[in-house]
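The values are calculated or read from the model by the stated rules, or taken from the named source; none is laboratory data. The shown structure was predicted, so the numbers you read here are calculated from the model rather than taken from an experiment. A quick note on method: Cβ atoms are made from the backbone with ideal geometry, for glycine too, and the neighbour counts reach across all protein chains shown. Heads up: the accessible areas ignore ligands, DNA and RNA and are worked out on the full protein's heavy atoms, side chains in. Shrake-Rupley method; radii C 1.70, N 1.55, O 1.52, S 1.80 Å.
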Amino acid sequence: MRASPPGSAHATDEEALARIDPLWRSWAGAHGGHVAAALTAMRERAVGEGRPVRALTAHFLAPVDTGPLHLSLARPSVGRRAATCTFTGHQDGAAVLVGSAVFGRGRRGPRYDGRSSPRVAGPADCRPLELSAGFVAFARQVEIRPATEALPLAGGERAELVAWVRFTDRRALDEAAVVTLTDVLPPALFARWRTPRPVPTAELTIHFTDALDAGARADWALVRIRTEQAGGGWAVDDSAVWSADGRLLALARQARVVQDAPAEHASVPAATTPPQETL
């Protein structure tokens, strides 16, 4: 890998390989958040260590298969404090996603937090949510505990879901884990519907806070997703991820395609919360 000096605008092309875990399969391909999370591994190739990821955008051109994802990287700008990397992902010779990432060192500056954590009961006081692995295969990789009365496919009034989430392998909340969490809950429209349908991600952008600069956080996270607008077969979802101690970790927005419900899922029951379990 060729390194560019500070302040250089020289573009350096790199090749990288990301592996998409088959356990993270969704409706018609790999889970979008898991695919985007794999892109955080680009940092070492793109800009080296010492520059946390500040923003990540992925445009999904086609469903990503659960297999090797070949990434072509270009660094159009590398400065003293920030660096930008663009990428294209290929599978079987075809482009399946394009996007960009911004990396930047932290420094002292004013602090403001306009997205305080919702006031909800802790994870120990919330019941686990059961999502059928036959419905979404990746459901077995996370434990979800709704923190409000809103449940997927319960026909509620608001398109919003709030839940405590942790990975079943108890991984810490590093950058990759937080990317996955921004997309881990069902689409917020599921809170209003009673019949599921595919709502794949066309574009996902995540903005990270400085809460991860000091390293990974504890394993529980509070996640909120809500639909800001839907119509014409499209929807805009916003999501936020907080640590267990209430620190905002990331904000995300995605454009989604609202598809028709497959016939085999027309009678899928609403998700349920089983009796309370102790940790």
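Residues that are part of a loop (DSSP other than H, G, I, E, B), at pLDDT 90 or above and more than 25 Å from Ala58 (Cα to Cα) do not occur anywhere in segment 222-235. Among the residues of segment 95-107, the ones that are at pLDDT 95 or above and more than 21 Å from the chain's Cα centre (by Cα) come to 0 in all. Look at (1) outside any strand (DSSP E or B); (2) at pLDDT 90 or above; (3) of a type in the set (Phe, Trp, Tyr) and you find that Trp27 fails only one, number (2). Annotation note: Cβ proximity below 9 Å between a residue of segment 220-233 that is under 18 Å from Arg256 (Cα atoms) and a residue that is open to solvent by 40 Å² or more (accessible area, probe 1.4 Å) and in a strand (DSSP E or B) (sequence gap 6+ or interchain) occurs for Thr227/Val236; Glu228/Val236; Glu228/Arg253; Gln229/Val236; Ala230/Val236; Gly233/Val257.
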